[in-house]
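Bear in mind these aren't lab numbers, they're just calculated from the coordinates by the rules spelled out. Owing to the predicted nature of the structure, the values given are computational and were not obtained by experimental measurement. Backbone-built Cβ (ideal geometry, glycine too); neighbour counts: all protein chains shown.
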C-alpha cells in the first residue's frame with residue numbers, strides 16, 4: 001500500500017471564530033497553524049487566505065506573505081485554493097496562481113453548497129486548467145459529486161491537464177455527495193488506472209471517511225476548514241491535533257506516512273530546489 005499523504009486544510013473560507021476561537025486569520029497565524037500541522041505529519045498544506053477581520057480573500061499579496069512565512073520554516077507542499085469563497089469571480093479566484101505554487105485545487109463542476117451555489121461552468125474550469133498548465137501548477141481535482149470526475153477526465157482528453165492525476169473527494173457538503181462508504185467506493189471505481197485520491201469528510205464525517213481511506217489505500221485531508229471538532233461537542237485544540245490522530249491510526253494499521261518529498265514523488269511534482 002502507498003505511503004499515506006496527509007493534507008491539512010488549516011483555515012478555509014467559511015469557518016470563523018464564532019465556530020472556533022482559534023481559527024487563524026492573519027498570515028502569521030495561518031503560517032503557525034500550517035507549520036504545526038507539518039510537524040505533526042502533514043505533507044500538504046491546503047491554503048485559503050483571510051483579511052485581519054476574517055473575511056476570505058484571494059488577494060495575491062496576502063497569499064504571498066502566507067507562503068513566504070511557511071516556506072521559511074518547512075518543506076510542505078503548498079496547495080492554494082482556487083475555490084476562494086462563494087460569490088467570487090473567476091479572476092479573483094485565480095489570483096494566487098500568479099505565485100506559481102506547487103499545487104492548486106481545481107473544481108470541475110458546479111454544485112449547490114449549503115445555501116449558495118459554487119459556480120464552475122465548463123468554460124471557467126478550462127480557463128483554470130489552462131492557467132495551471134501554463135504556470136506549471138499541479139492540479140488537485142476537487143470532486144463534490146460523481147459527475148465531476150468526468151469533468152476532470154474531459155480536461156485530460158483535451159490536453160489541458162497532463163501527467164499524474166490526483167483527486168480529492170469532498171464528501172458530506174450539503175448539496176454534494178453524501179459521505180458514505182458506498183459512495184466512496186463508487187467514486188474510486190470511476191478513476192483511471194494510476195490516479196491517486198484523497199478524501200475530505202466534512203463535519204462529523206471527517207474521521208469516519210478518513211478511516212475508510214486509510215484501509216482502502218487512499219489519502220486523507222483533515223483540518224479546521226472541514227471540521228473544527230475532535231469529538232462530539234469537543235473542539236479540536238489545533239489542526240495539528242487532527243493530523244496527529246490520523247498519523248496514529250495509520251501507524252496502528254501498519255501504514256507509513258509520507259514526507260513532503262515522498263508525496264512529491266507520488267504526485268509527480270518536481271522536488272523543491274534548496
| For residue 86, are the conditions met, namely being under 29 Å from residue 264 (Cβ atoms) and in contact with a strand residue (DSSP E or B) (Cβ under 7 Å, 6 or more places away or on another chain)? | no
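From the list 254, 268, which one is free of Cβ contacts under 8 Å to residues at least 12 places away in the same chain and surrounded by fewer than 20 Cβ atoms within 10 Å (Cβ to Cβ)?
None of the others qualify; the one that does is 254.
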| query | Pick from the range 136-147 the residues that are surrounded by 14 or more Cβ atoms within 10 Å (Cβ to Cβ) and more than 16 Å from the chain's Cα centre (by Cα): which of them is farthest from residue 178 (Cα to Cα)? | reply | 147
| What number of residues in the range 223-239 are more than 20 Å from residue 13 (Cβ to Cβ) and either part of a loop (DSSP other than H, G, I, E, B) or in contact with a strand residue (DSSP E or B) (Cβ under 8 Å, 6 or more places away or on another chain) (or both)? | 3
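Of everything in the range 110-124, what is surrounded by fewer than 23 Cβ atoms within 10 Å (Cβ to Cβ) and touching a residue at least 12 places away in the same chain (Cβ under 8 Å)? Give them in sequence order.
Listed by number, the residues that qualify are 111, 112, 113, 114, 116, 117, 118, 122, 124.
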| request: Inspect all residues belonging to the range 8-22 and state whether any of them is under 18 Å from residue 168 (Cβ atoms) and over 17 Å from the mean Cα position of the chain (by Cα). | output: no
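Conditions (1) more than 14 Å from residue 7 (Cα to Cα); (2) crowded, with 23+ Cβ neighbours inside 10 Å; (3) in contact (Cβ under 8 Å) with a residue 40 or more places away in the chain, marked per residue:
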{"position": "189", "(1), (2), (3)": "yes, no, no"}
{"position": "229", "(1), (2), (3)": "yes, no, no"}
{"position": "248", "(1), (2), (3)": "yes, no, no"}
{"position": "260", "(1), (2), (3)": "no, no, yes"}
{"position": "263", "(1), (2), (3)": "no, yes, yes"}
| message | For the list (1) without any contact (Cβ under 8 Å) to a residue 40 or more places away in the chain; (2) in a strand (DSSP E or B); (3) crowded, with 20+ Cβ neighbours inside 10 Å, I need the number of the one condition that residue 220 fails. | response | (1)
| All but one of (1) over 16 Å from the mean Cα position of the chain (by Cα); (2) crowded, with 16+ Cβ neighbours inside 10 Å hold for residue 101; which doesn't? | (1)
| task | Kindly establish whether residue 71 is surrounded by fewer than 18 Cβ atoms within 10 Å (Cβ to Cβ), without any contact (Cβ under 8 Å) to a residue 40 or more places away in the chain and touching a strand residue (DSSP E or B) at 6+ places or on another chain (Cβ under 7 Å). | result | no
| message | Looking at the range 11-64 only, could you name the residues that are in contact (Cβ under 8 Å) with a residue 60 or more places away in the chain, surrounded by fewer than 17 Cβ atoms within 10 Å (Cβ to Cβ) and under 29 Å from residue 90 (Cβ atoms)? | response | 14, 19
